[in-house]
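Participant: Structure in structure tokens, see below.
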Amino acid sequence: MRAAPSALLLSAAVGCPRVQRGCSRRGIGRAPPAGWPVPAVSPPSDMAAPAGQDLAGDPRRWLILGVVLVGTFIAIVDVSIVNVAVPAIRRDLHASYGAVEFVVAAYVLAYGVLLITGGRLGDIYGRRRLFLTGLAIFTIASALCGVAPTAPLLIGARAVQGVGGALMYPQVLAIIRVTFSGADLNRALGIFGSVIGGGLIAGQVIGGALISLNLAGLSWRPVFLVNVPVGAAGFAAAVVVLRAGERTRTRLDLGGVALITLAMLALVIPLIAGRDAGWPGWIIAILAAAPALFAVFYLFEARRSRAGGVPLVDVTLFGQRAFVVGLGIAIAFFAANAGFLFLFAVYLQAGLGFSPIAAGLTYTPAAAGLLVTSLAAPRLIPLLGRRVLSVGYGIAALGYLATTAVVAAAGATVRPLELAPVLLIVGLGQGLGITPLMGTVLSGVAPRQAGAASGVLTTALQVGNVLGISVFSLAFFAFLGTPVAGGRGGAYAAAYAATLPAAAALTLAAFVLVRLLPTPRAQSANVLVERAGGWAPGLAYSLFLATGGRIGEHAFAEILGGVIDRRTQLTRQAPADPGDFLAYQFTAGAGDHAWRNFLTREALSRGDHPVAHEDERRPVIQAQVGDIRRRQADGLIDPDLDPALVRLMAFALATYPRIFRQITRMTTGLPPDDPRFAAAWSAFLRELGRRLAPGEQHAPASAPGRDRTHPATPGSQPPDA
């Protein structure tokens, strides 16, 4: 029986004394000469695996998850549940459409502006305390919303509700991360992502059902009052099961919060109130002052940063193209989505006379499409990279235009079944455009600023929501004033059909902006999906950020370091014997399929140019080389061999069969996942490693571990890999 040609080559290259002597004469494979610069081998101190509380096997950890998911669900549902209640609120409180726009916008505005501050307060005072505080404020404000007798009081209560959400929601992910570890963490994040996705879908349906039931004649009020018993039960459970966590020293930028709040109010209030007020001079003056207030905010943050303070926003982020383009994409896309959803409820209920539950169910195809592609997007990212966003925005724009055509053609007689196909298209595009957005943009930001960038980007999403509601409403009600045939329903249909192309235009603008993102260092560049430990955690992180969460600097560094931590751990746990060492590298790499695929695409797209997060990855490789050097010092490996080349060889032997699976199968007759191949290759690696030991003399014999039930074909040649 002949040994496989590739096995003979590998055996000869390392084990044959003549080859070793030839390499030594040419300076190949030898240790570097004295004085040669040797990189540091100690892994950085911040590369340790994420530390969590020791709750393995403690059933309380699942109770903790259930408690924080209560807060997650009501915060997500409350973003969309109010849309379907807008017509009922307007009728009951005799409010203008501008006033009910404020009902929606007040929550989103307070939530977005205080988001970063809420995360930092959690760092200072503890996640448990801030979660409880935020949940209590949210619950009390929900009760105030439910009993509000006038529109101004309802708007004020909604703003307070947004404050509670901004304090509570950013703490959720941090609590999950310190409560779970390993496979349990991935499961918990998968459940967490499902709750977010379910909340996005359930808001419209739950709101419509509660209003249609007209419980105790309360009309729209149960939309808010339902939060009270749920929030109270969640608070009581949180007091019992949540544990005090670590606190970190940081400082609040109250001046920055005040300035950005003033700037946002100066921008949003005129856009919402201007039409009803007739655009008086004072409203125009406030709107004109908004750019100046944003400029003052920028200068204040820059000055605070230069003075050594902790700014609300790191203004150096605006010097990074990925961040600036990402802000534009986030604002454009979410403005289109928010305007579309708000006016959809107005069009169906106020214009066509749909009941709230019928309006909520009519939107269900879009929600279902969003859920389907949200689940699929993390799996598509390794194949399409940032093009997933382009595909999503293209599909969503097509959906908006198709919806425009259906509404314009059907007018006041449109039926839910006629809208279902086009709404499904909208939802499919939205799912592909939302889930990968944050990870794709953050992949182009300097790692040390990723946490800060995630906070600003999530705030930008809320800004886009507020601008979409206000600007689209301006256009819609301007078109609504134009006389058309078909009575009230025809007028609303015509106004909605005239406004929707703006949503398509903004989404196409996002499509164009994706092309302006920096060229990805790897085809699949998406920092959340690639380094979060799997597609389910990646989806959870993406949805968390897209719905207003915040991943702090430390938590984000842990995500970036996930793969690095595993490599460092494998280096420390590797057996001492050279043969067992090589076999261990191959066996331990069985679960790194996603990372191998990423490295392959990265090599094809970047060649030998700098790659993503190279500064974070290089010390781990250096530590692995240092591990070989220590083995040489211990007499386990021939000291005449260059440790860097030995480590490179070990990596090649551990990964080649699984990367070039077709070559492995054609050479040996077995796929790399076949247990027979794994056993034969491991035995071969053990023999090969034994020949690395100093003082060994070997003849190029047949390779061990060959599966003799699959002999090489006579006359076969080494495959051209």
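Participant: Please give the length that would be gained between ARG243 and ALA289 if that part of the chain were fully extended, namely 0.36 nm times their separation in residues minus their C-alpha to C-alpha distance (nm, one decimal).
Facilitator: Separation in residues times 0.36 nm, less the Cα-Cα distance, equals 12.0 nm.
Participant: Right, another one. Gain in length, ILE124 to ALA232, computed as 0.36 nm per residue apart minus the alpha-carbon separation, to one decimal in nm?
Facilitator: 36.4 nm
Participant: Now for a different question. Using θ = phi - 60° and the Karplus relation 6.51 cos²θ - 1.76 cosθ + 1.60, list the HN-Hα couplings for segment 264-279 in order, rounded to whole Hz, with x at every Gly or Pro.
Facilitator: Listing the rounded values in order: 5, 5, 5, 7, 7, 4, x, 5, 8, 8, x, 5, 5, 7, x, 6 Hz.
Participant: Would you mind computing, in nm to one decimal, how far apart the modelled labels at ALA258 and ALA405 are, each placed 7 Å from Cα along Cα→Cβ?
Facilitator: Computed distance between label sites ALA258 and ALA405 equals 5.5 nm.
Participant: Ok, one more. So how far apart, in nm, are the two label points at LEU599 and LEU63 if each is 7 Å from Cα heading toward Cβ?
Facilitator: 4.4
Participant: Between LEU265 and ARG91, what is the spin-label point distance in nm, taking each point 7 Å from the Cα along the Cα→C-beta axis?
Facilitator: Computed distance between label sites LEU265 and ARG91 equals 3.4 nm.
Participant: Another question, then. Among residues other than ILE329 whose Cβ falls under 13 Å from its Cβ, what is the net charge (Lys/Arg +1, Asp/Glu -1)? Could the numbers behind the result be given before it?
Facilitator: Details: positive: ARG321, ARG386, ARG515; negative: none.
With Lys, Arg at +1 and Asp, Glu at -1, the net is +3.
Participant: Here is a further query. Tell me, what is the Rg over Rh of segment 254-311, with Rh the Kirkwood radius over Cα pairs?
Facilitator: 1.14
Participant: Would you grab the residues whose amide H sits under 5 Å from the one on LEU641? Only those 5+ places off in sequence or on another chain, please, with H modelled 1.01 Å from N.
Facilitator: ALA31
Participant: Determine ³J(HN,Hα), in whole Hz, for all residues of segment 395-410 in sequence, where each value follows from phi through the Karplus function 6.51 cos²θ - 1.76 cosθ + 1.60 and θ = phi - 60°; x replaces Gly and Pro.
Facilitator: Using θ = phi - 60°, the values come out as 5, 4, 4, 4, x, 4, 5, 5, 5, 4, 5, 5, 5, 5, 6, 7 Hz.
Participant: Can you put MET649, MET264, MET666 in order, fewest other beta carbons within 10 Å first?
Facilitator: On the way: MET649 20, MET264 23, MET666 13.
Ascending number of Cβ neighbours within 10 Å: MET666, MET649, MET264.
Participant: Given axes a ≥ b ≥ c from the Cα gyration tensor, I'd like to know whether segment 332-477 is rounded (a/c under 1.5), prolate (a/b larger than b/c) or oblate.
Facilitator: Prolate, since a/c reaches 1.5 and a/b exceeds b/c.
Participant: Under a Cβ-only charge scheme (Lys and Arg +1, Asp and Glu -1), can you give me the dipole magnitude of segment 271-329 about the Cα centre, in debye to the nearest 20? Each step should come with its number before you reach the end.
Facilitator: Numbers: 5 positive and 3 negative charges, 35 e Å.
Approximately 160 debye in magnitude.
Participant: On to the next question. Would you kindly derive the ³J(HN,Hα) couplings of segment 628-638 from the backbone phi angles with the Karplus curve 6.51 cos²θ - 1.76 cosθ + 1.60 (θ = phi - 60°), listing them in order in whole Hz, with x for Gly and Pro?
Facilitator: 5, 4, 5, 5, 5, 5, 7, x, 8, 10, 3
Participant: What does the net charge come to around VAL514 if you take all other residues with beta carbon closer than 12 Å to its beta carbon, with K and R at +1 and D and E at -1?
Facilitator: +3
Participant: Sort TRP681, TRP62 so the one with the fewest other Cβ atoms within 10 Å of its own Cβ comes first.
Facilitator: TRP62, TRP681
Participant: Taking other Cβ within 10 Å of each residue's Cβ, how do ILE124, ILE469, ILE89 sort, fewest first?
Facilitator: Details: ILE124 14, ILE469 26, ILE89 23.
Lowest to highest Cβ neighbour count: ILE124, ILE89, ILE469.
Only the coordinates and a few stated rules stand behind these numbers; no lab work does. Source: prediction; values computed, not measured. For neighbour counting, all protein chains shown are included, and Cβ atoms are generated from backbone atoms with ideal geometry for every residue, glycine included.
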